[in-house]
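Q: After the structure tokens below, expect a handful of questions from me.
The values are calculated or read from the model by the stated rules, or taken from the named source; none is laboratory data. Keep in mind it's a predicted model, so treat the numbers as computed, not measured. Cβ coordinates were reconstructed from backbone atoms using ideal geometry, including for glycine residues, and neighbour counts include every protein chain displayed.
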Amino acid sequence: MKKYTNKILIITAIVLVLAIVIGTTIDFQTGYRSGRIKYEKYEKDSVNVLTFDSVEDLEAYADSVSEKETKTSHQ
Amino acid sequence: MNINNIIKLIKAYFYENWQKDIYYSFAIVATVAMFSLGFGIFSSRFAIILAAVLTMLQPIKLFGNLYQSSSRMHYLTIPASNSEKVVTNMLLLNVYFVLLMVLALCVGFLLGYGIGYVRNPEMLRYNWGILKEMISNTRIEYLYFFSSLAVMFFASIYFKKNPFWKLVLTGVVVSLVLGAIAASTEWLNVVLTVPAEIRNGNYYKSIEHVSQAPGWFQYVACCVSMVYFYALSFLRMRETEA
């Protein structure tokens with residue numbers, strides 16, 4: 001008789017790994033796009049916290065910071 | 001599958017093991033009575049968990065004959081099919097041992113609370129409150145318990161020696177590996193999605209609320225895992241015979 005138990009266990013493990021990878025990706029991507037997962041900036045010597053309402057705002061802020069840093073390094 | 005064979009197997013089990021089961025029940029009664037002597041909800045909960053773990057160990061006794069070559073031959077040549085043996089052990093585990101556990105818990109709590117009442121009559125009201133709190137809102141915990149029984153049932157057939165410790169070790173390894181996969185997937189998503197300036201800058205990730213699986217998902221997952229592990233046990237038992 002062929003032994004199927006080990007094969008079934010291996011297939012289950014593969015399905016479980018795929019479910020975790022796909023589930024984590026969907027959870028992060030939807031969370032990031034909808035603004036549920038946010039990146040906040042804590043300014044030095046300040047208690048103010050910059051909170052971004054959308055991904056576009058956050059990316060625009062990040063671009064302006066990197067532009068500023070580039071100009072400073074050129075000078 | 002013949003019902004008469006199942007009944008004969010159950011009778012044979014009781015004939016061989018009734019004394020051991022009485023000692024086992026007394027052990028639960030004594031433990032529960034000791035822990036419910038007014039030490040609060042944590043000790044009562046601990047007593048229930050201990051009784052549940054002891055019940056989870058019963059499949060090792062039920063399939064104990066499979067672990068040594070001489071007794072394995074004897075067990076496999078008993079005039080009943082392997083499906084009948086698995087069904088018998090399933091019934092013994094899910095009905096007989098669970099009822100035995102519930103009965104031992106009731107007697108243990110009555111004994112413990114009785115002694116508590118003699119010492120201080122006010123304790124009875126306090127202990128009754130604890131018991132009511134523990135019994136209510138634990139439907140999912142019962143399902144977790146029955147799915148753990150199914151997992152242990154399968155492990156008792158699958159592993160040839162020390163099934164409990166091998167199951168614990170497998171559980172730890174699987175949890176670590178799956179956790180590492182989830183963490184690396186999350187890291188990869190951050191690298192691919194979040195701009196480098198933000199990733200490397202002085203930013204803090206904040207999550208407004210953790211997304212949760214719907215409530216019914218746990219019930220479905222428990223039921224599916226029970227069916228899965230009992231089906232695998234049937235299959236493994238047939239392979240053992242071959």
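Q: Find the residue count for the range B:125-142, including only residues that are in a helix (DSSP H, G or I), modelled with pLDDT under 75 and under 30 Å from the mean Cα position of the chain (by Cα).
A: Result for the range B:125-142: 11.
Q: Tell me, which helices (runs of 4 or more DSSP H) lie completely within the range B:150-242 with 3 or more residues that are within 11 Å of another protein chain (Cβ to nearest Cβ) and within 19 Å of the chain's Cα centre (by Cα)?
A: Ranges flagged: B:215-241.
Q: Also, quick follow-up: Considering only the range B:94-106, state which residues are in contact with a Ser or Thr (Cβ under 8 Å, 6 or more places away or on another chain) and surrounded by 15 or more Cβ atoms within 10 Å (Cβ to Cβ).
A: If the condition is that a residue be in contact with a Ser or Thr (Cβ under 8 Å, 6 or more places away or on another chain) and surrounded by 15 or more Cβ atoms within 10 Å (Cβ to Cβ), then B:97, B:98, B:100, B:101, B:104 are the ones that fit.
Q: Kindly check whether there is at least one residue in the range A:39-51 that is modelled with pLDDT of 75 or more, at the interface with chain B (Cβ under 9 Å from one of its Cβ atoms), in a helix (DSSP H, G or I) and within 14 Å of the chain's Cα centre (by Cα).
A: Checked against the condition, which is being modelled with pLDDT of 75 or more, at the interface with chain B (Cβ under 9 Å from one of its Cβ atoms), in a helix (DSSP H, G or I) and within 14 Å of the chain's Cα centre (by Cα), the range A:39-51 yields no hits at all.
Q: Return the residue satisfying two criteria in turn: it lies in the range A:1-38 and is farther than 17 Å from residue B:229 by Cα and not in a helix (DSSP H, G or I), and of such residues it is modelled with the lowest pLDDT.
A: Only one residue tops the list, namely A:1.
Q: Now for a different question. Read through the list (1) over 28 Å from residue A:5 (Cβ atoms); (2) surrounded by fewer than 12 Cβ atoms within 10 Å (Cβ to Cβ); (3) modelled with pLDDT of 85 or more, then give the number of the only condition that residue B:224 fails.
A: Only one criterion in (1) over 28 Å from residue A:5 (Cβ atoms); (2) surrounded by fewer than 12 Cβ atoms within 10 Å (Cβ to Cβ); (3) modelled with pLDDT of 85 or more is unmet by residue B:224, namely (1).
Q: Separate question: Taking residue B:173 as the residue in question, decide whether it is at pLDDT below 90, of a type in the set (A, V, I, L, M, F, W, C) and out of contact with any Cys (no Cβ under 8 Å at 6 or more places or on another chain).
A: no
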